Amino acid sequence: MPVLVITGTGTEVGKTVTTAAVAAAALAAGRSVAVLKAAQTGVTPDERGDADEVAWLAGPVTADEMARYPEPLAPGTAARRAGMAPVHPHEVADRAAKLATEHDLVLVEGAGGLLVRFDATGGTLADVARLLHAPVLVVATAGLGTLNTTELTARELRFRELEFAGVVIGSWPDAPDLATRCNVADLPVVAGAPLLGALPARAGALPPAEFRTAAPTWLAPRLDGTWDAEAFKVREAPPAFA
């Protein structure tokens with residue numbers, strides 16, 4: 001798995017902190033890691049972007065950002081409005097492939113969901129995954145509504161014949177409600193792919209040293225972690241219907 005594409009079921013689902021956790025776990029396992037952000041939007045030139053955030057949390061990774069647009073919009077829209085050149089899927093794939101010759105693992109983080117457009121021709125992160133023949137990790141929310149968005153993403157991945165690595169819950173609440181607890185069992189069913197981790201709420205606010213120590217405990221062995229999905233399901237199972 002030299003390249004792993006990381007997308008989400010929408011915006012603000014925890015993609016960046018999940019990318020950081022995957023990077024930290026890989027580093028702890030002795031692997032060299034590069035993080036590629038194809039298009040960063042809504043960040044000024046002097047602000048820290050998502051790739052920088054991953055490096056800050058995870059540790060010594062190669063952080064690479066291909067383009068930055070000032071408005072918090074889909075990359076294609078943000079590029080057009082700013083009068084700037086868009087990023088195209090083949091450019092992202094070429095950059096990731098080059099990084100893969102120099103690192104054990106390359107994490108390609110998308111913007112928003114799987115089908116958010118990079119350019120006027122409709123190029124998306126799904127096209128990047130296809131060009132790279134890379135598996136796709138989907139970050140999902142924990143609560144009500146996540147089953148629908150996760151299944152829609154899963155169906156699109158299968159329609160495009162892309163490898164679906166699994167699902168990570170980007171933020172597990174301190175006090176999960178009934179729907180959230182039920183989703184632990186239901187998410188892998190609707191996704192047709194394994195649940196590969198669950199990050200605690202506010203994980204990204206931890207000091208970097210604590211984040212790096214804890215990250216492997218949030219992720220399954222396939223992602224260089226020690227998290228046990230079955231044990232998590234048992235612990236978070238909802239009470240029986242009365």
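The values are calculated or read from the model by the stated rules, or taken from the named source; none is laboratory data. From a predicted model like this one, the values you see are computed outputs, not experimental measurements. All Cβ positions, even for glycine, are placed from backbone atoms using ideal geometry, and neighbour counts span all protein chains on display. Note: accessible area is taken over every heavy atom of the protein model, side chains too, but ligands, DNA and RNA are not part of it. Shrake-Rupley method; radii C 1.70, N 1.55, O 1.52, S 1.80 Å.
Return one quarter of the surface area of the convex hull spanned by the alpha-carbon atoms of segment 102-242, equal to its mean projected area, in nm². Show your work: numbers first, answer last.
Numbers: hull surface 40.9 nm².
Hull-based average projected area comes out at 10.2 nm².
Per the helix-only calculation at 222 nm, which mean residue ellipticity applies to the chain, given -39500 (n - 2.57) for every DSSP H run of n ≥ 4 and division by its residues, nearest 500 deg cm²/dmol?
On the way: 9 runs with 94 residues, N = 242.
It lands at -11500 deg cm²/dmol.
Quote to one decimal, in nm, the extra length available between E47 and A201 on full extension: 0.36 nm per residue of separation minus the C-alpha distance between them. Don't skip to the end; give the middle numbers.
Values: separation 154, 0.36 × 154 = 55.44 nm, distance 2.36 nm.
Result for the pair: 53.1 nm of gain on full extension.
Please report, as a whole percent, how much of the solvent-accessible surface of segment 151-214 comes from carbon and sulfur atoms (probe radius 1.4 Å). Don't jump to the answer; show the numbers that get you there.
Working: 1750 of 3080 Å².
So the carbon and sulfur contribution to the accessible surface is 57 percent.
Between segment 160-214 and segment 216-237, what is the separation of their alpha carbon centroids in Å?
9 Å
Using 7 Å Cα-to-Cβ label points, what is the A85/D186 separation (nm, one decimal)?
Modelled inter-label distance: 4.7 nm.
At 1.4 Å probe radius, can you tell me the per residue accessible area of the chain in Å²?
Details: 10730 Å² over 242 residues.
Using a 1.4 Å probe on heavy atoms only, each residue of the chain averages 44 Å².
In segment 1-137, what percent of the accessible surface is made up of carbon and sulfur (1.4 Å probe, ligands and nucleic acids excluded)? Kindly include the intermediate steps, with their values, before the conclusion.
On the way: 2800 of 5410 Å².
Taking all protein chains in place, segment 1-137 shows 52 percent carbon and sulfur surface.
What is the P(r) of the chain, as percent of Cα-Cα pairs per 5 Å bin from 0?
Each 5 Å bin holds this share of Cα pairs: 1, 7, 15, 19, 20, 17, 12, 6, 2, 1, 0, 0.
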